[in-house]
Amino acid sequence: MKEFFSSKKFLIIACVAAFLIGIMIYAAVSSSNAVNSAIGAVFSPIQKFSNSISNKVSETLDMLINAKDYYDENQRLKEQIASLYAQISDYTQLEQENDHLREMIDLASSSDGIVLSEPCTVIGRTANDIYGSFFIDKGSKDGIEYYDPVVTASGIAGFVTEVEYSYSMVTPILSNEVSLGVYCVRTGETGVIEGSYELALDGMVRMVYIPLDCEMTEGDIVITSGHSGLVPKGIVVGTVGETFIASNGLSRTGLITPSIDPYQLKTVFVITDFDGKGSGYEE
């Protein structure tokens, strides 16, 4: 210890301490701004560091002391957010229900005597089916029957081809199992819609048995004729693309793009009854 007090390190520390003490004493009895500024420059970093430590300590103490209050406030905010999310969900559901009601009114007014099911949700699709067959959440308990037409406000989607108690399968008009009587709105020319595997790859069907002298052109709208008794008259089927003479040379064939893409459907309606149902001929 004696060696330390007699060492150069001790002398340096003592000199620095004496210098700082001298400055502080001088500042206390002096009114010189220059001295005060010099002292402030020397001790300013120390003061800032001290304030920073003090602030951190205050924040930590505040969190420890008021932790329960902060927790309760956080829980209240979470409950408010959950309530807002619930309100948004209710509003979205109500908006969807209103859209469905508007669709039902539009569909029902398109033909006399149409009876529609409740909105049906698409709940699944048939794997690896090029035609886009899908399942809906309504079945025999909801009044759904085999080969009831399935529609939206945009037109006909297909027909119910399998009915279970609580769900059904729908086969779109792209399928080669579907045959449907139609006519052109603008020209009145009639024909029959048929699907095929090849055309389904391009999302199209063909309209056959069109008169050779037909005046249909690209973009014309084709709707159901209603003659078969399978579907009401006036439901949109699609639009006309190319037309050409059939291989037999006795009629023309047209390519039709359906108004509905079965892969995009989320909600549909089933026509469970309509005036003239079952009274026509099979196509």
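Throughout, read-outs are computed from the coordinates displayed, never taken from laboratory work. Just so we're clear, the structure is a prediction, and the values are computed from it rather than from any experiment. Cβ sites come from the backbone with ideal geometry, for glycine too, and all protein chains shown count toward neighbours.
With respect to E194, determine if the residue is closer than 28 Å to D129 by Cα, touching a Lys or Arg at 6+ places or on another chain (Cβ under 9 Å) and not small (G, A, S). Yes, satisfied. A single member of G254, G234 is surrounded by 20 or more Cβ atoms within 10 Å (Cβ to Cβ), of a type outside the set (S, T, N, Q) and under 14 Å from T190 (Cα atoms), and it is G254.
Residues of region 208-222 include at least one that is within 37 Å of the chain's Cα centre (by Cα), part of a loop (DSSP other than H, G, I, E, B), without any contact (Cβ under 8 Å) to a residue 40 or more places away in the chain and surrounded by 15 or more Cβ atoms within 10 Å (Cβ to Cβ).
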